[in-house]
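Structure, as structure tokens:
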Amino acid sequence: HQMPPTRKLSGKDIGVLTDWVHRGAPMDVVEDEWTYERPGVLTDEARSLWSFQPVVDPTVPSFSSDWPENEIDAFLLEKLQAANLSPNAQAGKVSLLRRATYNLTGLPPTLEEIDRFLADQSGDSFLRVINRLLASPHYGEQWGRHWLDLVRYAQTNGYERDAPKPESWKYRQYVIDSLNEDKPYDRFVLEQLAGDELEDRTQESLTATGYYRLGLFDDEPSDREQALYDDLDDIVRTTGEVFLGLTVGCARCHDHKIDPIPQRDYYSMLSFFRNVTPYSTSHESILSDVSTLDEKSEVGRKNDMILESALSDLKDVRSERFVLSVKEPSPSPAETFVLIRGSAHVRGAQVEPAFLQVLGQELPQIRPTKSSSGRRLAFARWLADERNPLTARVIVNRVWQHHFGRGIVRSSSDFGKMGDSPTHPELLDWLARRLVEDGWSLKKLHRRIMTSAAYRMSSLPESKALQADPRNNLFWRFNMRRLSAEELWDSVRAVSGTLDLKVGGPSVYPDIPAEVLAGQSRNNWPGDGGRANNSRRSIYTFVKRSLIDPMVESFDGATTDTSCPVRFLTTQPTQALTLLNSEFINKAAVNFLARLRHEAGKDATDQIKLAFRLTTGRLPSEEEVSQGLEFLRTFPYSVTQDEAFRQYALMILNLNEFLFID
């Protein structure tokens, strides 16, 4: 099969080829001969990779130390002691409160929350903080943002016209609400992949299937058949990376070059989604009317009371009756074939729905209904089964990543051979087993992680540990991090007193600089003519693929074209310039000054103290107060005291202590 050959062909072989060309190069192909799996793609060695093995329940290491607070610490301490290293001491209370509050809500703690925590000297004071934050409606907003990164959330189709996806904000709301109510993760998976095929389907589960509609859509493809498979590829790639932590999409055109995923497996997985109707720009094709859950449906027959309640909630506003979701035209999907080199016009062998062979030989249990193939539900149930070796590991690793700055597996969407190996594989499995035992509760997982001594460690450097483990692979300290773009957006407004904390609702359109709008091929940003609002949390802003807000873009916001498991973290001049010269930050400085004067009175010393408390959570030192007063007294460019204090407020909003979580 290797070309070119290492030697000249024989005269007989050359004659055969010459005769074939003279006859017009006819081709009479047997389909199976087009499908070639390279030898060794599913070898025993390939199957032996750690991530393909069943999740075990490892024994918690014993220890001779008073440091561990729970089992997580025992696993970490074992490796630290083996490396002759010690964990950092506990962080200060203000640092700890800021860390937890940002982790769970994406917002800075209020002065009242700081004072209450500092005054609480009981042994379980931090646990009470965690429970309060987990119960906050802002928890779903913060962790919903992480999920939206993964599922390539945007509200437009991309490409030149970049048209809006109607009612797409309802998927965002579904995610926020699901996380706030601590919906079991296995149910969360089922609803997004097959919410319309569930026997107990609801408006909520139907909305969840908007997952399939979030990607790019070419409304003017030059090759419609190829475009269809591009859309299906987006679904397969995203699903494989988000839920399985595998780059399944690499097998679209050939057997995976690294992992044991034959091309046939890729198309077998694609066939689960083959019956999903293509996305369309017409409202009739993409909007599902949730009132179809009527008395004639399976749900209606089984539970009339739930049905009546659901329908009564839908009668008030017509737009509320529609959600961006999937719909299967019939229970009979089109046939699926292996596509040679990914081309929709060169079919290979026909395939049927089947799970990845490397994860076992279980056959899908598909039960069609009158309106659906039942394929996606079979796939979703396999995915959410506790026996699947990847699902629990992948989500546990993602939660750990957003608490500690990196996952136990750094490549959090690639658990394959070329991905990073887990630094603490036993801990990963132990947490995965606890997640399942706890009913797939993510809030219980947060609580378990955050009550560890490891989570409460200081981020301060230590020379011996820095030299031995500069990347902090052993978690000897807590990793400092900069606020994300959205956290910075919200925090600046929060401390300046202009943040609207209303939860939920349609998207709003913040002001975009005219210079940025001028670069649009089609400038259809509504601004003041639409739902203009510059005070809502960043998660509620309209996400247009071709028009990312400059603030979000400058501070490494997520890409919207593909799944984004880990954001870039850059330090560049545009960030400093944005925080000094942008209209956004200078308006915030004016509002910040107004708040300081309103709440602290006319005394400059009191205003400076309040400025520090609001941004850093602590009182300034006497030296810092003196420096602030000297700045106000000697500011060389000020015409008035107001301008001097506005510049001081701007400087405080640029403090590293405000922009970073330690």
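Shown here for region 544-646: trypsin sites (Lys or Arg not before Pro) in loop regions (DSSP other than H, G, I, E, B) with at most 10 other Cβ atoms within 10 Å, namely K602. With the Cα gyration tensor of region 397-444 giving a ≥ b ≥ c as the square roots of its eigenvalues, does the rule (a/c under 1.5 for rounded; else a/b larger than b/c for prolate; else oblate) give rounded, prolate or oblate? Taking the square roots of the gyration eigenvalues as a ≥ b ≥ c, region 397-444 is prolate. Among the listed pairs K170/K444; K327/K502; K170/K502; K257/K417, those whose Cα-Cα separation exceeds 22 Å are K170/K444; K327/K502. A 1.4 Å probe over all protein chains sorts D66, D469 by accessible area into D66, D469, starting with the largest. Between the helical axis of 125-134 and the longest alpha-carbon principal axis of the chain there is an angle of about 50 degrees. Please work out whether region 62-175 counts as rounded, prolate or oblate from its C-alpha gyration tensor, where a ≥ b ≥ c are the square roots of the eigenvalues and a/c under 1.5 means rounded, while otherwise a/b larger than b/c means prolate and anything else oblate? In terms of gyration-tensor shape, oblate.
Can you give me the angle between helix 485-495 and the longest principal axis of the chain, using Cα atoms only, in degrees from 0 to 90, rounded to the nearest 10? That works out to roughly 30 degrees.
Are there any trypsin sites (Lys or Arg not before Pro) in region 327-358 that are in a DSSP loop and have at most 15 other Cβ atoms within 10 Å? List them by number.
Answer in residue order: no site qualifies.
Dividing the helix sum by the residues of the chain, where each DSSP H run of 4 or more adds -39500 (n - 2.57), gives a mean residue ellipticity at 222 nm of -12500 deg cm²/dmol.
3J(HN,Hα) along region 245-254, derived from phi through the Karplus expression 6.51 cos²θ - 1.76 cosθ + 1.60 where θ = phi - 60°, amounts to x, 10, 8, 4, x, 5, 9, 5, 9, 6 Hz, with x in place of Gly and Pro. Rounded to the nearest 20, the Cβ-based charge dipole of region 231-271 about its Cα centre (Lys and Arg +1, Asp and Glu -1) stands at 100 debye. What's the angle, to the nearest 10 degrees (0 to 90), between helix 93-105's Cα axis and the longest principal axis of the chain? Once rounded, the angle reads 40 degrees. What lysines could a cross-link reach from K602, if we take a straight Cα to Cα line under 26 Å and drop same-chain neighbours fewer than 8 places away? By straight Cα distance, K602 reaches K587. Pairs of Cα atoms nearer than 8 Å and 6+ residues apart set the relative contact order; for region 530-662 it is 20 percent. Of the listed values [x] 1.09; [y] 1.01; [z] 0.96, grab the one calculated as Rg/Rh (Cα atoms, Kirkwood Rh) from the structure here. Structure-derived value, by its label: [y]. Annotation: aspartates and glutamates with alpha-carbon distance below 18 angstrom to K183 (same-chain offsets under eight excluded): E141, E191, D196, E199, D200, E204, D385, E386, E437, D438.
Charge dipole of the chain (Cα centre as origin; +1 on each Lys and Arg Cβ, -1 on each Asp and Glu Cβ, all else neutral): 640 debye, rounded to the nearest 20. In percent, rounded to a whole number, the relative contact order of the chain is 18, using alpha-carbon pairs under 8 Å and six or more apart. The alpha carbons of region 530-658 give a radius of gyration and a Dmax of 17.4, 52 Å, in that order. Of the accessible area of region 130-184, computed with a 1.4 Å probe over protein heavy atoms only, carbon and sulfur atoms account for 56 percent. Rounded to the nearest 5, the antiparallel percentage of DSSP beta bridges internal to the chain is 80%.
The values are calculated or read from the model by the stated rules, or taken from the named source; none is laboratory data. All figures in this text were calculated on a predicted structure; none of them were measured in a lab. Please note: Cβ atoms are built from the backbone with ideal geometry, for glycine as well, and neighbour counts cover all protein chains shown. We work out accessible area using only protein heavy atoms, side chains counted, and drop any ligands, DNA or RNA first. Shrake-Rupley method; radii C 1.70, N 1.55, O 1.52, S 1.80 Å.
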